[in-house]
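Below is one structure, written out as structure tokens, with a few remarks after it.
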């Protein structure tokens, strides 16, 4: 890729990340609630995932040759819905149904309801183990597809995560990429104070993984990391630890002391959208 092409791609990815944030805020405004802090923080990661890294057909979300993208953290569903709508997997009008009865967009991700939602998330620490199974299955089929597992830093405190990490290395699953959204927030406080998993990248390396750690809100760094992970020639699973800022893009929400389930007053949804629109990429 030439530098000119890379610069053009970065501009496009920043536009997509902005659109994902905007759609997430619009969905949150429907119910006046939702895990909007996580959606705003992980939007850059999702933009690189869906508009650069993944091999998929939006019109055929069950295409056998697709890369699988697992959302281990079910409460991040609002973020993934935004990416799926932006990608064209889901129609934009469904955004207005978020969290309502009979909607295909429930507040926690459900594979049985939503096209493009590969697994039902919820109980944390399950996604990576499922990803190991999928990656093994694809290997048996001689498939060239990759499995991406998006998980949270809180899930690093689950024993099942490290059992899966050990299994992935044992089976040399070079078709498995684990993305860790490290925002250092969970329900009870900072994840590094609840049960520190640091140094995360060194731990994955000790378990036999190829690991990178980047600023998860730096599009250029993310693009490099995703390309490195996919292009790595060793027979190892790959991890990308992404340090992100909760509520990224809306400064008055970024400044809140508690951002895991950030409080947004009824009149602040429109204010947040207005702040975001002021910073819309050209």
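The values are calculated or read from the model by the stated rules, or taken from the named source; none is laboratory data. Since the model is a prediction, treat every value here as computed from it, not as a measurement. Counting neighbours? That spans all protein chains shown, and the Cβs are built from the backbone with ideal geometry, glycine included.
Table for the structure above
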item	result
Looking only at the stretch 158-182, and only at residues there that are over 18 Å from the mean Cα position of the chain (by Cα) and part of a loop (DSSP other than H, G, I, E, B), the one that is surrounded by the most Cβ atoms within 10 Å (Cβ to Cβ)	173
Any chance residue 144 is in a loop (DSSP other than H, G, I, E, B), under 23 Å from residue 52 (Cα atoms) and out of contact with any strand residue (DSSP E or B) (no Cβ under 7 Å at 6 or more places or on another chain)	yes
Among the residues listed as 136, 150, the single one being touching a strand residue (DSSP E or B) at 6+ places or on another chain (Cβ under 6 Å) and modelled with pLDDT of 95 or more	150
Pairs where the first residue, in the stretch 5-28, is at negative phi and the second is in a helix (DSSP H, G or I) and surrounded by fewer than 16 Cβ atoms within 10 Å (Cβ to Cβ), C-beta under 7 Å, 6+ apart	10/220
Failed item, numbered, when residue 84 is tested on (1) surrounded by 19 or more Cβ atoms within 10 Å (Cβ to Cβ); (2) more than 16 Å from the chain's Cα centre (by Cα); (3) free of Cβ contacts under 8 Å to residues at least 40 places away in the same chain	(2)
Residue list for the stretch 206-219, restricted to those being within 18 Å of the chain's Cα centre (by Cα) and without any contact (Cβ under 8 Å) to a residue 40 or more places away in the chain	211, 212, 213, 214, 215
Scope the stretch 96-114; condition assigned to a loop (DSSP other than H, G, I, E, B), touching a residue at least 40 places away in the same chain (Cβ under 8 Å) and more than 17 Å from residue 76 (Cβ to Cβ); matching residues	100
Matching option when the condition is within 13 Å of the chain's Cα centre (by Cα), modelled with pLDDT of 95 or more and surrounded by fewer than 22 Cβ atoms within 10 Å (Cβ to Cβ), among 10, 54	54
Single residue of the stretch 57-73 satisfying the filter (assigned to a loop (DSSP other than H, G, I, E, B) and crowded, with 24+ Cβ neighbours inside 10 Å) that is modelled with the lowest pLDDT	73
Condition check for residue 41: crowded, with 19+ Cβ neighbours inside 10 Å and in contact with a strand residue (DSSP E or B) (Cβ under 8 Å, 6 or more places away or on another chain)	yes
Single residue of 76, 98 found to be touching a helix residue (DSSP H, G or I) at 6+ places or on another chain (Cβ under 9 Å), more than 18 Å from residue 131 (Cα to Cα), modelled with pLDDT under 95 and buried (at least 21 other Cβ atoms within 10 Å of the Cβ)	98
Check on residue 122, in contact with a helix residue (DSSP H, G or I) (Cβ under 6 Å, 6 or more places away or on another chain) and outside any helix (DSSP H, G or I)	yes
Some residue of the stretch 268-276 being surrounded by fewer than 16 Cβ atoms within 10 Å (Cβ to Cβ), modelled with pLDDT under 95, farther than 23 Å from residue 10 by Cα and within 20 Å of the chain's Cα centre (by Cα)	no
Extreme residue, nearest to residue 231 (Cα to Cα), among residues of the stretch 183-201 that are surrounded by fewer than 23 Cβ atoms within 10 Å (Cβ to Cβ) and touching a residue at least 60 places away in the same chain (Cβ under 8 Å)	186
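Per-residue answers, yes or no, for (1) without any contact (Cβ under 8 Å) to a residue 60 or more places away in the chain; (2) surrounded by 16 or more Cβ atoms within 10 Å (Cβ to Cβ); (3) outside any helix (DSSP H, G or I); (4) out of contact with any strand residue (DSSP E or B) (no Cβ under 8 Å at 6 or more places or on another chain):
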site	(1), (2), (3), (4)
204	yes, yes, no, no
221	yes, yes, no, no
226	no, yes, no, no
235	no, no, yes, yes
239	no, yes, yes, no
261	no, no, yes, yes
